[in-house]
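Colleague: The structure's right below; bear with me while I get my questions together.
Just so it is clear, none of the values below were taken in a lab; they were calculated from the coordinates. None of these values were measured; they are calculated from a predicted model. Glycine also receives a Cβ, built like all others from the backbone with ideal geometry; neighbour counts cover every protein chain displayed.
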Amino acid sequence: MHNKISHSGIIDSIIDNCVKVRILQTSACAACKVAGHCNAAESKEKIIDVLDVSDTSALRVGDEVTVWASRDVANHALLLGFGVPFLVLVGVLFLVIYITHNEGLAALSALLALVPYYAVLFLCRDRIRERLSFHIE
C-alpha cells in the first residue's frame, strides 16, 4: 500500500516559491456511471497551495502536475480538524452535565469550548501549514 495520497491538477498560479494547483476533488460516487442521474454524486474544485517549491522555472501556469501528501500528513490533518474538536465537545458536554445536571448549559458550554480550540489553531496556522504541506511530483 502506498504511503502517499496524490491528486492530479493544473497549475493556477506561481508566486515566488508558492505554486497554486487547482484540483477536482470528487466523492467516491462521482466516478460512478450513473452519477449523472443521482443526487449523491458531487465534485468540488479546490486550490492547493504547494509551499517552498525549490525550482519553479520548469513549471508554467496551465501545466498538469500531480500533488501529493503523505498519509501521516492526512491523518494529522484529520486529527486536528475532527478528532480533537470531537473529544473537546464530548468531554465538556459530559463534564458540565455531571457537574450541573443542566443539558442546555452543557450543550452551550460544549459548543463554546470549541472557540478557544479554533482560536489556537488559527494562531498556530503558520506552523501547522509547514507541517501539513503538499509536494509536486
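Colleague: In deg cm²/dmol, rounded to 500, what helix-only [θ] at 222 nm does the chain give when every DSSP H run of at least 4 residues adds -39500 (n - 2.57) and the total is split over its residues?
Modeller: Details: 4 runs with 53 residues, N = 137.
Calculated from helices alone, the mean residue ellipticity at 222 nm is -12500 deg cm²/dmol.
Colleague: Starting from the 7 Å offset along Cα-to-Cβ, what nm value, one decimal, do you get for the label separation of Val115 and Ser13?
Modeller: Going from the Val115 label point to the Ser13 one covers 3.4 nm.
Colleague: Next up: To the nearest 0.05, how large is the calculated FRET efficiency for Ala107 and Val84 if R₀ is 30 Å and r is the Cβ-Cβ distance?
Modeller: Working: r = 19 Å, r/R0 = 0.63.
Once rounded, the FRET efficiency stands at 0.95.
Colleague: Could you name the aspartates and glutamates in cross-link range of Lys4, using Cα to Cα under 20 Å and dropping any fewer than eight places away on the same chain?
Modeller: Those aspartates and glutamates meeting the cut-off are Asp49, Asp52, Glu64, Asp72, Glu130, Glu137.
Colleague: Something else about it: From the phi angles alone, apply the Karplus equation (6.51, -1.76, 1.60; θ = phi - 60°) to the stretch 56-71 and give each ³J(HN,Hα) in whole Hz, x where the residue is Gly or Pro.
Modeller: 8, 5, 8, 9, 10, 4, x, 5, 8, 9, 10, 9, 9, 9, 6, 5
Colleague: Here is a follow-up. Work out the charge dipole of the chain with +1 on the Cβ of Lys and Arg and -1 on the Cβ of Asp and Glu about the Cα centre, then indicate which of Ile128, Ile47, Thr100 is farthest towards its positive end.
Modeller: Thr100
Colleague: Starting from the 7 Å offset along Cα-to-Cβ, what nm value, one decimal, do you get for the label separation of Ser54 and Leu24?
Modeller: Going by the 7 Å Cα→Cβ label model, 3.3 nm.
Colleague: Quickly rank 111-117, 54-60 as a protection proxy: mean count of other C-beta atoms within 10 Å, highest first.
Modeller: Details: 111-117: 12.6, 54-60: 9.6.
Listed from highest to lowest mean packing, they are 111-117, 54-60.
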